[in-house]
1. Among 106, 87, 97, which comes first, second and so on when ranked by fewest other beta-carbon atoms within 10 Å?
2. Which order do 16, 101 fall in if you start with the one that has the fewest other Cβ atoms within 10 Å?
3. Quick one: compute the contact order of region 61-155, relative version, from alpha carbon pairs under 8 angstrom and 6+ residues apart, as a percent.
């Protein structure tokens, strides 16, 4: 598109084919795709790669199970076991969700007596991860969490 022909309000490109396959299918006809100043050939393409990084959402199924434990997740015990011995990306996700995970662990500890041991193991794993992290922000997050520690009877 030449800059002299470009107009923000021109949406004439919208009827153009979105994929190379659609373009090839249209290529079998006599009408080549075009729209005013826009034209498209099979050599014209754009690839878009995305990476989503969120401090509010996770794709890790074990962390999701633990954070949503009140919704009676069927694999809660196996998720706790997996989080007690984390590796790879799970470690990074656990650090990212340190405070919500600790909240969930202490809530589980209080309300689900049969899960005390796996919950304890996950808490220990979280503490170890904060020590191992090169970035000191995880240790700072843990310190802030402990300063506002809401579970008075966790030591009982």
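1. Ordered from fewest to most neighbouring Cβ atoms within 10 Å, 106, 87, 97 come out as 87, 106, 97.
2. Details: 16 16, 101 22.
Arranged by neighbour count, lowest to highest, 16, 101 become 16, 101.
3. Working: 81 pairs, mean separation 27.4, N = 95.
Result for region 61-155 is 29 percent.
Read-outs throughout are calculated quantities, based only on the coordinates presented, and are distinct from any laboratory measurement. No experiment lies behind these values; they were computed from the predicted model shown. So basically every Cβ, Gly included, is an ideal-geometry build from the backbone, and we count neighbours across all protein chains shown.
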